[in-house]
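Novice: Please read through the structure below; I'll follow up with questions.
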Amino acid sequence: MSADRTAPGVQSADRIRSALTRYRVMAWVTGIGLLVVVAGMVQEYALHRGDSITRVMGPVHGLFYVLLLITTFDLGTRVRWPWSRMLLTALAGTVPFLSFYAERKNQRAVREQLAGRPPVA
């Protein structure tokens, strides 16, 4: 292993990039799962069709959401987000399409922080 890889800044940047990747994956998976649940609810309640996909995808989305909470906390602590940002990011997994927006905004902020530029709010 080279001396560059053992430097604290490089190790931290690599770990932040890994945490960002995990967060991004979970934000997308959670967002898609929520859209499937909402579509199933529309099918079940508005179209009055039984055997909705929500019976399966509801608990699956719940599991994805818990994993999103974990990855949000992991990334947020690594990049030292304020608690308010972590909370808003976590809540984004409960509103359709909002997790995609939050993922994009958070990805940009973390990458700018890693590049040494001040993050854009």
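Novice: Please report Glu103, Glu112 as a ranked list, fewest other C-beta atoms within 10 angstrom at the top and most at the bottom.
Specialist: Fewest-to-most ranking of Glu103, Glu112: Glu112, Glu103.
Novice: Starting from segment 26-121, pick out the chymotrypsin sites (Phe, Trp or Tyr not before Pro) whose DSSP state is loop and whose Cβ has at most 15 other Cβ atoms within 10 Å.
Specialist: Within segment 26-121, the qualifying chymotrypsin sites (Phe, Trp or Tyr not before Pro) (loop, at most 15 other Cβ atoms within 10 Å) are Phe97.
Novice: Report P(r) for the chain: all Cα-Cα distances, bin width 5 Å, range 0 to the bin holding the largest distance, values in whole percent.
Specialist: 2, 12, 18, 19, 15, 11, 8, 6, 4, 2, 1, 1, 0
Novice: Within the chain, which is the longest segment that contains none of the trypsin sites (Lys or Arg not before Pro) sitting in a DSSP loop with at most 12 other Cβ atoms within 10 Å?
Specialist: The longest uninterrupted stretch comes out as 1-48.
None of the figures in this text is laboratory data; all of them are computed from the coordinates on show. For clarity, every value in this text was computed on a predicted model and none was experimentally measured. Positions of Cβ are generated from backbone atoms using ideal geometry, with glycine treated the same way; all protein chains shown enter the neighbour counts.
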